[in-house]
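What follows is one structure encoded as structure tokens, with my remarks underneath.
The values are calculated or read from the model by the stated rules, or taken from the named source; none is laboratory data. Fair warning: this is a prediction, and the values are worked out from it, not measured in the lab. No Cβ is skipped: glycine too gets one built from the backbone with ideal geometry, and neighbour counts run over all protein chains shown.
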Amino acid sequence: MALDGWKERLFRQYLYWICRPARLKRKLSALVKERRPAPPVEGRRLKAAALQVKIRLFKEPLDYAAEMHRRVAEAAAAGAQLVAFPEDNNLPLLGFLPGLEEVGETLSDGEPEAPPIAAGAPEITVAEVIRYAGPVMAPFLETLYSSLAASYGIYLMAGSFLLPDGERVVNRAFLYGPDGKLIGTQDKVHLMPIEVEWGISAGREFNLFETAAGKIAAPVCMDATFFETFRILELQGAEIVIIPIANPEPYNYWLALRGIWPRVQECPVYGIKSALVGKLLGFEFTGRAGIFAPAELTPGGSGVLAEVESPEEEGMAVAEMDLEALQELRRDHPWRDSNPVLYRRYFPHIYSVLEESQRFEEAAGD
């Protein structure tokens with residue numbers, strides 16, 4: 001797929017042409033004629049939809065747009081005022097790159113290796129692919145998800161996208177408001193080893209977004225594996241934490257418990273997990289999208305308000321969240337942290353030792 005000179009420029013112009021916002025807007029105008037807008041958020045209650053999306057490649061960007069519209073329309077019809085897409089939600093758009101689909105089919109058929117690269121051709125990294133395709137995808141994605149949020153009057157967490165940011169490539173989640181305006185973004189802070197191999201750069205901070213629907217955060221996938229993520233966000237005032245995931249492993253109930261469910265119990269917030277599932281380019285993505293709450297706020301004390309049954313197929317979990325009940329629970333919780341002096345004594349030293357150890361390992365690696 002390596003291109004150079006005029007061929008590269010010509011192909012890039014072609015990609016810009018098929019992804020141009022004006023073309024996308026005409027498509028969306030035709031799709032949303034009979035839309036059913038979600039009811040506006042009133043008071044401290046809102047209904048959320050966590051989407052489970054089955055991944056596939058799209059050669060035609062407008063087909064991807066139509067599929068994303070279908071999922072938003074279904075969620076809005078169910079009364080959802082907040083809709084969440086999964087991690088790596090722009091990967092299906094890479095189908096517009098020639099040869100990528102064939103590589104995926106070869107790997108899915110069980111071939112041990114991808115088709116051979118031409119002799120002398122340089123190896124292409126994931127980060128390089130994203131740097132090439134990202135400038136084309138970015139305006140297309142912005143137009144698509146901004147328009148969908150405005151058309152249906154919803155808060156829309158568009159999922160996370162692998163995109164270039166200057167010299168870096170990041171895994172970035174996007175949150176849009178009911179007016180279609182971008183509320184904010186969140187870069188993935190804890191990377192998987194394979195993302196490091198791909199050349200993805202980790203984020204440097206957690207962001208909190210104050211909206212009429214509550215105080216929302218959207219850390220990405222592995223960020224939910226670590227207690228500190230939710231503790232930091234809870235102390236900043238987060239009420240709803242959305243976790244888009246794309247787990248590249250067979251589903252295991254016990255492994256899944258390293259994620260959002262225990263974090264919601266440890267740090268009382270509402271949790272929304274959206275999931276990418278299916279097989280692509282030799283990876284098998286699994287997960288169960290769901291909406292979670294502290295056990296005290298769920299029927300039977302399960303901590304689960306709604307969850308997709310299958311870890312491998314498309315689905316949607318819809319549930320109502322009561323933010324006033326959450327605040328009451330926080331005020332009267334029977335086992336909230338009560339010894340901050342202890343934490344101040346230990347944490348600064350512990351993290352300084354950890355940072356020093358990491359610097360030593362990096363130096364040794366060099």
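Would you be able to tell me the number of residues in segment 229-257 that are surrounded by 14 or more Cβ atoms within 10 Å (Cβ to Cβ) and either free of Cβ contacts under 8 Å to residues at least 60 places away in the same chain or closer than 17 Å to Leu208 by Cα (or both)?
The total comes to 16.
Check Leu323 against each of (1) buried (at least 22 other Cβ atoms within 10 Å of the Cβ); (2) more than 20 Å from the chain's Cα centre (by Cα) and name the one condition it does not meet.
(1)
Residue check: is Lys59 within 29 Å of Leu281 (Cα to Cα) and either of a type in the set (Gly, Ala, Ser) or outside any loop (DSSP other than H, G, I, E, B) (or both)?
no
Looking at (1) under 19 Å from Trp17 (Cα atoms); (2) at pLDDT 95 or above; (3) loosely packed, with under 14 Cβ neighbours inside 10 Å, which is the only condition Lys181 fails?
Against the list (1) under 19 Å from Trp17 (Cα atoms); (2) at pLDDT 95 or above; (3) loosely packed, with under 14 Cβ neighbours inside 10 Å, Lys181 comes up short only on (1).
Kindly indicate which of Phe85, Phe58 is buried (at least 16 other Cβ atoms within 10 Å of the Cβ), within 18 Å of Gly177 (Cβ to Cβ) and either at pLDDT 85 or above or basic (Lys, Arg) (or both).
Going through Phe85, Phe58 in turn, just one is buried (at least 16 other Cβ atoms within 10 Å of the Cβ), within 18 Å of Gly177 (Cβ to Cβ) and either at pLDDT 85 or above or basic (Lys, Arg) (or both): Phe85.
Based on this model, can you work out whether Ala246 counts as touching a Leu at 6+ places or on another chain (Cβ under 6 Å), at pLDDT 95 or above and not charged (D, E, K, R)?
yes
Got a sec? Which of Lys25, Lys33 is out of contact with any Leu (no Cβ under 9 Å at 6 or more places or on another chain), modelled with pLDDT under 80 and of a type in the set (Lys, Arg)?
Lys33
What are the residues in segment 317-362 that are within 30 Å of Val41 (Cα to Cα) and of a type in the set (Asp, Glu), if any?
Answer for segment 317-362, where residues must be within 30 Å of Val41 (Cα to Cα) and of a type in the set (Asp, Glu): Glu320, Asp322, Glu324, Glu328, Asp332.
So if I check each of Lys215, Lys279, Lys273, which one is farther than 25 Å from Gly315 by Cβ, in contact (Cβ under 8 Å) with a residue 12 or more places away in the chain, of a type in the set (D, E, K, R) and assigned to a strand (DSSP E or B)?
Lys215
Specify which of the listed residues (Ala158, Ala138, Ala173) is touching a strand residue (DSSP E or B) at 6+ places or on another chain (Cβ under 8 Å) and surrounded by fewer than 24 Cβ atoms within 10 Å (Cβ to Cβ).
Ala138
Residue by residue through segment 24-55, note down the ones that are of a type outside the set (A, V, I, L, M) and either surrounded by 16 or more Cβ atoms within 10 Å (Cβ to Cβ) or under 19 Å from Ala78 (Cβ atoms) (or both).
Result: Lys27, Glu34, Arg35, Arg36, Pro37, Pro39, Pro40, Glu42, Arg45, Lys47, Gln52, Lys54.
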